[in-house]
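Worksheet for the structure shown next.
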Amino acid sequence: MALLEISSRSFPLPPMESETLALDLDENGFPIDSLSSEEEPVDRDSEKVEERGLVIPSAAQNTGSFALDFYAGGTDWSCLISKDKCSGNKGLVQKNLFQAWGIEKPSLIPPRSSISFSPPRKRHCLKRIADDRSGPERPRICPFYKKIPGTSFAVDAFRYGLIQGCSAYFLTHFHYDHYGGLSKRWSHGPIYCSPLTARLVKMCLSVNPLFICPLELDTEHVIDGVKVTLLEANHCPGAALVHFRLKDGRCYLHTGDFRACKMMQSYSLLTSQRINVLYLDTTYCNPKYRFPPKEDVVSFVVRTTRKYLEKQPKTLVVVGSYSIGKEHVYITISQALGVQIYTDPSRRRILQSFGWPELCGQLCSSGQTSPLHVLPLSVLRPESLKEYLKKYSPQFTAVLAFRPTGWTYSEATGNHLDLIKPTSKGNITIYGVPYSEHSSYEELREFVKFLRPEKIIPTVNVGNAANRNKMQSYFQEWLKT
């Protein structure tokens, strides 16, 4: 495996304070409270709190630690910030959490320092990206689970602006909920990501190329003394798992978004080194989500498409997609039917940037020349598709659309895809098909059982204690056997 050494110090970074995070985690993967072990267990349940600063009251003032700051922030992890770096102009309204612990209610004070944040901006790569986030944004505090302990690294944490003590920012893939905050004004530090993601960041967001640092997959890079390797995440094009190996031998794996698969059990880095902490994509960490294999879903889509075209040859086939992702669905339809793929110029430019011959050669610039169109998932509604069809009448007289997302999964249907009932309104038919680019519950369990990490920190659906506790109970059960 090749090894490349990189130093973030070569970038023009703003002055920052040194900041590291406590590694100690409790049996549930949360930071250990610094209160004595003789104390009663902490009840972490509370009402959701706003993202502001607070002072820890007398009973807790002598314990100054990361863990205390975390618990003081309530169950809204985005509130996490150390006491001496509070920002904003108002205090934190904390209602019941401290009372549940037997600690007096915290006093509220104005913050003592400020952090620089990237201003909001419009994005022009896709209309879907640009049309709804131009308003002012309130600065937020970076959650602990986006920072890598023992390093000055943050993962998918661009929306928090300048993070104190952070020298390198990692981007796992090009979806807005992960890259949000990046713009041409970004200057907080180097951005490490896969080469494909790097191209998209430059092309769509106009980020200064001096800050974009593409890392080849399956290649070990040394960044500020930490060995970093990106691995294929089986999510969207360019998505990567990020493996960190610290100087002391500790290993962390951040999955970003991923769909676990057997292929990952062949990654030598995951088989040869124990993972101390796994930052896990828990989008579908619920036993009710048991997705069929992606290939089965795609086969169903192709089979259904052929059936409809036999009955009505003038059917326009539409596949819903995000800015990137779901490509396998419409590429397979294109190959099966021998037709080209039409999409708008913005998406076509993105797809061409992938450099995939099997895709680039199939793209066309006229919707009249192909019966296969790709549209944003948000457009796949009967009313919208009816209007869209008018533009291509009388060449096409009906629409068959597919919404490929895990959220369409039904326990009643399960893996019996032929039982899926479409939504039909006049000459518009829409199928919701459980094609997910996130791991199902079973796939998460198999991945964790294979990896057997010491600790697991969920990164999705962590907004309340009930969800966190439920997921941690799953993790503990998986690691027992």
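Roughly speaking, what is the stretch gain from Q265 to E310, that is 0.36 nm per residue apart minus the C-alpha to C-alpha distance, in nm to one decimal?
Numbers: separation 45, 0.36 × 45 = 16.20 nm, distance 4.19 nm.
Extra length from Q265 to E310 when fully extended: 12.0 nm.
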Seminar exercise, completed: Simple spin-label estimate for Q340/R290, 7 Å along Cα→Cβ, in nm, reads 4.4 nm
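Using the structure shown, select from K288/K390; K227/K449; K311/K390; K391/K421; K326/K449 the pairs with a Cα to Cα distance greater than 32 angstrom. Please report the intermediate quantities before stating the final value.
Details: K288/K390 39 Å; K227/K449 25 Å; K311/K390 20 Å; K391/K421 27 Å; K326/K449 28 Å.
The answer is K288/K390.
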Problem set entry | Which of F244, F450 is most accessible, then next, and so on - probe 1.4 Å | F450, F244
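Find how much the distance from C360 to S393 grows on full extension, using 0.36 nm per residue of separation minus their present alpha carbon separation; answer in nm with one decimal.
Working: separation 33, 0.36 × 33 = 11.88 nm, distance 2.70 nm.
Here the answer is 9.2 nm.
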For this session: Could you tell me the distance between the Cα centroids of the stretch 326-388 and the stretch 230-255, to the nearest Å?
Result: 31 Å
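Could you work out the local net charge near P404, counting Lys and Arg as +1, Asp and Glu as -1, over the other residues with Cβ closer than 10 Å to its Cβ? All intermediate terms of the calculation are to be shown ahead of the outcome.
Values: positive: K294, K326, R403; negative: E437.
Once positives and negatives cancel, what remains is +2.
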Exercise. Quick one: if you stick a label point 7 Å off each Cα along the C-beta vector at S187 and T481, how many nm between them?
Worked result: 5.6 nm
For this session: Roll a 1.4 Å probe over the protein heavy atoms and report the accessible area of W407 in Å², nearest 10.
Result: 150 Å²
Exercise. Length gain on complete extension for the stretch A412 to F450, per 0.36 nm per residue less the alpha carbon to alpha carbon distance?
Worked result: 10.8 nm
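The values are calculated or read from the model by the stated rules, or taken from the named source; none is laboratory data. Bear in mind the structure is a predicted one, so any value in this text is a computation, not a measurement. FYI the Cβ positions are ideal-geometry reconstructions off the backbone, even for glycines, and counts take in every protein chain you see. We work out accessible area using only protein heavy atoms, side chains counted, and drop any ligands, DNA or RNA first. Shrake-Rupley method; radii C 1.70, N 1.55, O 1.52, S 1.80 Å.
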